[in-house]
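See below for the structure under consideration.
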2 protein chains.
Amino acid sequence: MYICEKDFMKSSQLYKGSLNTIIMKLLEENGRMYGYEITKKVKEITKGELKITEGALYPALHKLEAEGFLEVEVEKVDNRLRKYYKLTESGTTETVNRLSELEEFIRNMQTLVNPKLSY
Amino acid sequence: MYICEKDFMKSSQLYKGSLNTIIMKLLEENGRMYGYEITKKVKEITKGELKITEGALYPALHKLEAEGFLEVEVEKVDNRLRKYYKLTESGTTETVNRLSELEEFIRNMQTLVNPKLSY
DNA sequence: AAATATACATAAGTTTCTTATATATAAAAG
DNA sequence: CTTTTATATATAAGAAACTTATGTATATTT
């Protein structure tokens, strides 16, 4: 007897490259967030359809910080470490750009995939 | 004096993973196409905003063929080689799946990025 | 006492691209 | 007539962005 739940689960995949945009948009909206909070928020908003893995999230946050788009404040809550991230000034500008690129991508994909509607 | 047109060009990027879906959708719609034709079609439909590079396209076609989703017919037109691709039966099924995953991705992204509209 | 939730992190490997290069024929431009 | 552009395919090297697995540590629930 096989128990293999994974076979019945949807991949719930992101298109690669969209993670940064998601992070930046959430920070734009919520002011500041910590990593674990971001994973919970995405899961909540998408009703469990998108799951951000830590292996993707933390390197992405570190890279965005290294690029100067995010700044971090470390706090201790309930004796546990939290790293709160927020957008820098250039991060806010970059967020606007990436969101419009995302919108363009979505428009293009809808034109390709659903030519009848032609948004 | 610098001539550096690339600096003024938009990245015209795809989110990684979307290329296969584009190929499969175009084949679903047009019956059969050859590689070069696909690059031209995408450029035309998106008014030059998306450009499929050969370095991405041909390996993608070969992989889809190896996975059994595409089959190929080689023809010689004007003394030049053409490889026409079309969806197999399992490729047609897979196309339906990938298109619904794309739609789900777009829905999720719109929920995340534009929570006020909540499609 | 063990499992789950919270909170971070990194290393190894895979997939999917970009960029560059290569071959070959036909047509257009200079 | 020679070079560039268009047509048509292909692959190799490297970069980017993930997945999967593992690790640490504390708090809460079972």
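The values are calculated or read from the model by the stated rules, or taken from the named source; none is laboratory data. Note that this is a predicted model, so its numbers are computed, not measured. A quick note on method: Cβ atoms are made from the backbone with ideal geometry, for glycine too, and the neighbour counts reach across all protein chains shown. SASA here: full protein model, heavy atoms, side chains in, ligands and nucleic acids out. Shrake-Rupley method; radii C 1.70, N 1.55, O 1.52, S 1.80 Å.
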Surface per residue (accessible, 1.4 Å probe) for chain B, Å²: 64 Å²
Of the residues B:T95, B:G31, B:V42, the Cα lying farthest along the dipole of chain B towards its positive end, which is defined by charges on the beta carbon of Lys, Arg, Asp and Glu, belongs to B:V42
Treat every Asp and Glu Cβ in the protein assembly as shown as -1 and every Lys and Arg Cβ as +1, leave all other atoms uncharged, and give the resulting dipole magnitude about the Cα centre to the nearest 20 debye. 100 debye
Between region B:74-108 and region A:64-118, how many Å separate their Cα centres? 31 Å
Just reorder A:L81, B:L99 by solvent-accessible area, largest first, 1.4 Å probe, all chains present. A:L81, B:L99
Quantify how strongly other chains surround peptide B:34-41 by giving the mean number of their Cβ atoms within 10 Å of each of its Cβ atoms. 0
Find the sum over both chains of the accessible area lost when B and A are paired, probe 1.4 Å, and report it in Å² to the nearest 100. 3000 Å²
Subtracting the Cα-Cα distance of B:R80 and B:A56 from 0.36 nm times their residue separation yields 6.5 nm
Simple spin-label model, 7 Å along Cα-to-Cβ: A:S100 to B:R107 in nm? 3.0 nm
In order over region B:69-85: 3J(HN,Hα) from phi, Karplus 6.51/-1.76/1.60, θ = phi - 60°, whole Hz, x for each Gly or Pro, gives 8, 10, 10, 10, 10, 8, 9, 10, 10, 6, 6, 10, 6, 10, 10, 7, 10
Check: C-alpha center region A:15-51 vs C-alpha center region B:27-42, spacing in Å is 35 Å
Test item: B:15-21 mean partner chain Cβ contacts at 10 Å: 5
Under a 5 Å amide H to amide H cut-off, with H placed in plane at 1.01 Å, what residues pair with A:L70 once short-range neighbours are removed? A:E65, A:T88
Explain nothing, just the number: relative contact order of chain A, from Cα pairs under 8 Å at least 6 residues apart, as a whole percent. 25 percent
Label points for B:Y58 built 7 Å along Cα→Cβ; distances to same position in the other copies, nm, shortest first, come to 4.1
Computed for chain B: size of charge dipole around the Cα centre, +1 on C-beta of each Lys and Arg, -1 on C-beta of each Asp and Glu, debye to nearest 20, value 400 debye
Please give the average number of partner chain Cβ atoms lying within 10 Å of the Cβ of each residue in B:100-111, rounded to a whole number. 6
Cα-based convex hull volume of chain A per residue, rounded to whole Å³: 154 Å³
Vicinal HN-Hα couplings computed from phi for region B:48-62 (Karplus, 6.51 cos²θ - 1.76 cosθ + 1.60; Hz; Gly/Pro x): x, 6, 10, 10, 7, 8, 5, x, 8, 5, 5, x, 5, 4, 4
Would you kindly derive the ³J(HN,Hα) couplings of region B:87-103 from the backbone phi angles with the Karplus curve 6.51 cos²θ - 1.76 cosθ + 1.60 (θ = phi - 60°), listing them in order in whole Hz, with x for Gly and Pro? 5, 7, 5, 5, x, 5, 4, 4, 4, 4, 4, 5, 5, 6, 5, 5, 4
By accessible area (1.4 Å), largest first, A:Y34, A:Y15 order as A:Y34, A:Y15
If I model the protein assembly as shown as equal point scatterers sitting on the Cα atoms and use the Debye formula, what is log10 I(q)/I(0) at q = 0.13 Å⁻¹? -0.92
